[in-house]
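Notes to accompany the following structure.
The values are calculated or read from the model by the stated rules, or taken from the named source; none is laboratory data. Everything quoted here is computed from the prediction, not taken from an experiment. To get the accessible areas, we keep the full protein, side chains included, count just its heavy atoms, and leave off ligands, DNA and RNA. Shrake-Rupley method; radii C 1.70, N 1.55, O 1.52, S 1.80 Å.
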Amino acid sequence: MEWLSGAPLAVRGRGGGERSSRIPTRPSKTLKRLFQDANVPEFERARLPLVWRGEDLIFVAGLGADVRLVDTGGPRVMLSWQPDAPLLGG
């Protein structure tokens, strides 16, 4: 918990060029590529919030936490995204 409270958290939209990692042993990928891989429709991507801790992108709605920042020990916090309503009638 100390790590999380050690810097301000901010929720922002995409600005372009952001990167995140889904697999700890692989390099990061652009959010565009990760959204494509996860089949998130292009029109929905712009409205999904990003959670930043200082300058580090720690969570992307629709994708989850950046695995490079997941600690294997100690207390944990889980962020999740639940949209108000689906954009496509579901």
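Remarks
- The residues of the chain expose on average 71 square angstrom of accessible surface per residue, using a 1.4 Å probe on protein heavy atoms.
- For the chain, built as a Gaussian network whose Cα springs stay under 10 Å, the top-fluctuating residue of P27, P49, P75: P75
- Amide H contacts under 5 Å for I58, placed H, 5+ residues apart: V51, W52, R53
- Measuring nothing but protein heavy atoms, the accessible surface of region 1-45 at 1.4 Å probe radius is 53 percent carbon and sulfur.
- The chain, relative contact order [Cα under 8 Å, separation at least 6], %: 29 percent
- Dmax and Rg, reported as Rg then Dmax, of the chain (C-alpha, Å): 13.6, 41
- Accessible area per residue (1.4 Å probe, heavy atoms of protein chains only) ranks F43, F59 as F43, F59, with the largest value leading.
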